[in-house]
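Accompanying notes for the structure given below.
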Amino acid sequence: MARGIVVTSLVDAVVEDLRTRVVTGELSPGTPLTEQDVATRYDVARASARAAIERLTAEKVLDRGMHKTARVVELGPDDVRDIYRTRTYLESEVLRRLAADRYVPEAARTANAEIAAIWGTGSYAIVEPDMRFHTSLIDALGSARTSAMYHSLAFEVKLCMAQLQGRQRLSPQIIVAEHARILELIESGDGAGAAAMLDEHLARARELLAASLGGEAGPEADVPSSALSAQPRR
């Protein structure tokens, strides 16, 4: 009996485009996606469309119950808090390890400079360099398994950030200042300080996003940035 084979590169291309459209908001939360929809949109076979939907469901880009149509995932306040607390646990330990060696990856500096440049144009479209800042710190540890664990959260984190920054709730000025402060603390060898700054940084975003998605913001949402207060007066 002949076995059906799906061309992986074609499925990869469909998956990547759909993932991008979800992150940018072109496909809003709750949007249904059937095999026929995907096959027609990309002019691919139903088998390829099915494989793409299965991949995106496994990656939690889509949500599909038993015998139900796949839909773009809808994150609620509890989801956001779980995602952000998980990344805080992981990132905090990595910052302590990097601070022990006083090692700051150049990629993190570059990403933060890009955020500052984008903010300088009046844009809030900083999801990609913001995520790259945090990912570069994780990857700097040099642990394939740690990076794999963090990257498994990457899409959900990007989706959270896109939803929050799309509402212009987070100031890029604060983001840039807090990123810079994290790097300063790593470079000075203050792992505990870097972890504390990260916790403040992510907690504010977590609670603002939870509120944007229908929850009640915790007190962390209104805490003034200690990174801004630490900057020298001019």
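The values are calculated or read from the model by the stated rules, or taken from the named source; none is laboratory data. Just so you know, these numbers come straight off a predicted model, no measurement behind them. Note that we place each Cβ from the backbone using ideal geometry, even for glycine, and neighbour counts take in every protein chain shown.
Quick notes on this one:
- Search result, residues across segment 105-130 that are closer than 23 Å to GLY142 by Cβ and crowded, with 17+ Cβ neighbours inside 10 Å: PRO105, ALA108, ALA111, ASN112, PRO129, ASP130
- Within segment 22-57, if we keep just the residues that are modelled with pLDDT under 90 and in a helix (DSSP H, G or I), the residue that is surrounded by the fewest Cβ atoms within 10 Å (Cβ to Cβ) turns out to be VAL23.
- Residue in segment 16-30 that is over 30 Å from ILE138 (Cα atoms) and touching a Ser or Thr at 6+ places or on another chain (Cβ under 8 Å) present: no
- Sole residue being within 25 Å of ALA211 (Cβ to Cβ), in contact with a helix residue (DSSP H, G or I) (Cβ under 7 Å, 6 or more places away or on another chain) and touching a residue at least 12 places away in the same chain (Cβ under 8 Å), chosen from ARG109, ARG81, ARG102, ARG55: ARG81
- Positions within segment 108-146 being within 19 Å of GLY191 (Cα to Cα) and small (Gly, Ala, Ser), in sequence order: ALA108, SER136, ALA140, GLY142, SER143
- GLU91 touching a Pro at 6+ places or on another chain (Cβ under 7 Å), in contact (Cβ under 8 Å) with a residue 24 or more places away in the chain and charged (D, E, K, R): no
- Matching option when the condition is in contact with a Pro (Cβ under 9 Å, 6 or more places away or on another chain) and surrounded by fewer than 16 Cβ atoms within 10 Å (Cβ to Cβ), among GLY189, GLY214: GLY214
- For beta carbons closer than 9 Å, sequence separation of 6+ or different chains, a first residue in segment 143-155 that is more than 17 Å from LEU95 (Cβ to Cβ) and a second that is surrounded by fewer than 16 Cβ atoms within 10 Å (Cβ to Cβ) and of a type in the set (Asp, Glu), the qualifying pairs are SER152/GLU59; PHE155/GLU59.
- Any chance ALA108 is at negative phi and at pLDDT 95 or above: yes
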